[in-house]
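What follows is a short report on a single structure.
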Amino acid sequence: MELKTPCRFESGRRYYLNPCISIGYPDITALLMTKYKLIVFLSLFFVIILNLAWIKPIPRLFVIGDSISIQYGPYLESYLDGIVAYERKRDDGNAEANLDVPTGANGGDSRMVLAYLRAKLQDPNFKPDFLMLNCGLHDIKREPESNQIQVEKNEYRQNLELIIELLHENNIRILWIRTTPVVDRIHNHNRTSFHRYSADLKEYNQIADEVFIKHEIPMIDLHGFTEHLGEEAYIDHVHFSESARNLQASFLAGYLASYIQKNFHR
């Protein structure tokens, strides 16, 4: 059939195509509508793809620490919501049944942390961008009768070096948390299973300082911050009140958010 030119009608000074006039092919309107729908669909599809391409991936933070980190952890996770994908060494809650015995979520001493990371890094899905790390309180435990310390100073240093080497090999950036204070009088009063001493803690924090400074790894001084909270912050031999945990988490979150946002590249 011959394609006819649509007629027009005048309204004032403007001319309009008459929508009522057939242009010859009965199915051309349907074809045009299908074409326009396809164009709209493809346009929306490419807009979505472009938006997804511009969405900045959220950094993944993994936390390994002792019972102190277990207790401030929920506050810290809340403060970092939307800033990082927060994960930590976890269990089914057994770690909190006895915080002095490092199981499950409790990272324990440096020897245990090293063994845990060696096993964990075998998991191909374990790919944090940053790892916030602390160990020390369990390393300085002393057996009361023999006065034997749990992890000797040289081994502590070596374990930290091996942990750093392992994480660097796997392109995981480390943030070190300085170990929280011990007050001898509070900690060892009526305690027979093990002792801790502030003098040991000072030495082990110094060892960690030397190791992490040498490797240019950032450190967050949770020890100094907690010390300023005073002895009233303690609820037992080494753990802290809810308000102190909240303050610790706030202090850590401020540093972490700033550092991670400046140093995250994927």
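The values are calculated or read from the model by the stated rules, or taken from the named source; none is laboratory data. Just so you know, these numbers come straight off a predicted model, no measurement behind them. Backbone-built Cβ (ideal geometry, glycine too); neighbour counts: all protein chains shown.
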- Item | Selection from the range 51-88 of residues that are farther than 27 Å from Asp139 by Cβ, charged (D, E, K, R) and either touching a Ser or Thr at 6+ places or on another chain (Cβ under 6 Å) or at pLDDT below 95 (or both) | Lys56
- Note on the structure: With criteria (1) surrounded by fewer than 19 Cβ atoms within 10 Å (Cβ to Cβ); (2) in contact (Cβ under 8 Å) with a residue 40 or more places away in the chain, Ile220 comes up short on (1)
- Any pair with Cβ under 6 angstrom, 6 or more apart, that starts in the range 249-266 at a residue that is outside any helix (DSSP H, G or I) and ends at one that is buried (at least 17 other Cβ atoms within 10 Å of the Cβ): Phe264/Pro59
- Filter the range 121-146 for residues that are more than 28 Å from Asp200 (Cβ to Cβ) and not in a loop (DSSP other than H, G, I, E, B) and give the result. Phe130
- Residues (more than 30 Å from Phe126 (Cβ to Cβ) and part of a loop (DSSP other than H, G, I, E, B)) located in the range 147-191: Asn147, Gln148, Pro181, Val182, Val183, Asn188, His189, Asn190, Arg191
- Note on the structure: Note on Tyr255: of the conditions (1) within 27 Å of His168 (Cβ to Cβ); (2) in contact with a Phe, Trp or Tyr (Cβ under 8 Å, 6 or more places away or on another chain), unmet is (2)
- On the given criteria, is Thr226 under 28 Å from Gly254 (Cβ atoms), outside any loop (DSSP other than H, G, I, E, B) and either at pLDDT 95 or above or not assigned by TED's automatic domain parsing to the domain that holds Tyr259 (or both)? yes
- Task: From the list Tyr204, Tyr197, pick out the single residue that is farther than 21 Å from Ser69 by Cβ and in the same structural domain as Ile174 (by TED's automatic domain parsing).
- Result: Tyr197
